[in-house]
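For reference, the structure is listed below as structure tokens.
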Amino acid sequence: MPPAPVPNTNGESPFLSKIPPEIRNRIFELVLTREDCVEVPVDRTWGSTISRATKKEIRKSLPPPITKVCRQLRGETLPMFVEMNDFLFNTN
């Protein structure tokens with residue numbers, strides 16, 4: 001059995017550095033791009049807050065799970081997610 005990889009403490013993945021950036025970015029595009037608008041519920045009442053249930057719903061969908069894997073992935077994928085998608089701020 002091969003030895004387990006040594007954890008990296010600076011937030012970078014030793015596995016990601018082995019994948020060429022062009023391939024990594026193509027994978028990110030496939031994972032991050034949504035066909036429909038990304039709906040973001042907004043409560044426009046002055047001084048009010050978004051309900052706890054709505055916050056939980058937002059956390060599930062925004063940001064995408066791939067952004068929560070490691071710091072390196074978050075840094076690379078979060079800007080791509082925002083750039084590649086259309087957002088609909090729902091004020092109902």
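The values are calculated or read from the model by the stated rules, or taken from the named source; none is laboratory data. Just so you know, these numbers come straight off a predicted model, no measurement behind them. In this analysis, Cβ positions are derived from the backbone assuming ideal geometry, glycine residues included, and neighbour counts consider all displayed protein chains.
Worth a mention:
- Residue among 5, 20 that is loosely packed, with under 10 Cβ neighbours inside 10 Å, modelled with pLDDT under 85 and more than 12 Å from the chain's Cα centre (by Cα): 5
- Residues satisfying the stated conditions in the stretch 33-47, i.e. assigned to a loop (DSSP other than H, G, I, E, B), surrounded by 10 or more Cβ atoms within 10 Å (Cβ to Cβ) and modelled with pLDDT of 75 or more: 33, 34, 37
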